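Since every read-out is calculated from the coordinates, none of them should be taken as a lab result. Computed from a prediction, not measured in an experiment: that's the story for all the values here. When we count neighbours, we look across all protein chains shown, and the Cβ atoms used for this are built from the backbone with ideal geometry, even at glycine.
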Amino acid sequence: MPDAYTDANFDILPNKEAIAAFNAKMIGSSFSYLDVLAHEHAVAFTVAKMMDMDMLSETKDAISAALENGTDFRDFQKRLKPYLMSKGWWGEQVMSDPIDGSIQKVQLGSTRRLRTIYQTNLHTAYAAGQWERIQQSKDALPYLQYMPSLATRKRDDHKQYYGIIRPIDDPIWQQILPPNGYGCLCWVKQLTRKQAERAGGVTEDKDVEYEEVENPRTGEKEQVPTGISLSFAHNHANRLGSLLNIAEEKHGRDFRAQLIPQLADYMQRLLEAGLVDMIKDDPRFAALLPE
């Protein structure tokens, strides 16, 4: 069975890495999913148009319980739907857009939205957990292969990545590690050196192509790998890089530069204390560690 989540193979999902990755997220509110940058999703839990922090906390708790207990969607919905309805977060409502103050008719809770919330958060939590396990086993299994979607109807936009084989430390996996869109069921397979050779070897001639995408909410333009949704163009486990990006966006490059030596000193102390053995082998941290 592929090492990826679907409703049909849910039993593989609950694992300590996925649970830890999801539970570590802070809670944040947003009116639109476009208000949250891609890398911010690695550190924040948010639901578009859910502005109440208590409601967000309850929804996050329900997802966390689903991760820990292997809860299927029906039981997840059974727990959360009555609560959301009691709070008035259900059906179509009229809301004011905090950016321009315009009054809009919006869709809040529905069975379809609950399924999207459930699947998206489980998929990305599992991807983050899987990445941590990949880092732990990359000496024996040093390659990843991008595998075809498990969906019945596969997305043409993602087929360009099917079969790509690259070393785990290749920067490509910081950009195209699945899921790469809402409902995306693409996955990656970890390979030994011999398995990679038998599968055709490293894909040398496939560089990621980018397209300029304008965020209709902000007007800002971003370079995104072709075929990958704006909100998913990041590695779901890269909390450190995401935090540094957020710091730079809010306070500038100089502030980010000031954080790096402090962060390096902190990680060095963790290493010396024997608390995080895998840091020294993780390319996301290695560049920040003092020589």
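A compact table of results
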| quantity | calculated |
| --- | --- |
| Cβ-Cβ FRET estimate between Glu68 and Gln93, R0 fixed at 35 Å, reported to 0.05 | 0.65 |
| Taking all pairs of distinct alpha-carbon atoms in the stretch 7-126, Kirkwood radius in angstrom | 14.9 |
| Under 5 Å, built H, 5+ apart or other chain: amide partners of Ala151 | Leu185 |
| Peptide ranges 65-76, 139-150, 206-217 listed from the most packed, as the mean C-beta count within 10 angstrom indicates | 139-150, 65-76, 206-217 |
| Residues Glu58, Glu197, sorted so that the one with the fewest Cβ neighbours within 10 Å comes first | Glu197, Glu58 |
| The stretch 7-126, dipole about Cα centre (Lys/Arg Cβ +1, Asp/Glu Cβ -1), debye to the nearest 20 | 320 |
| Whichever lysines have a C-alpha closer than 23 Å to that of Lys194, once near sequence neighbours (fewer than 8 apart) are set aside | Lys138, Lys206 |
| Mean separation of Cα contacts under 8 Å (6+ apart) over length of the stretch 7-126, as relative contact order % | 25 |
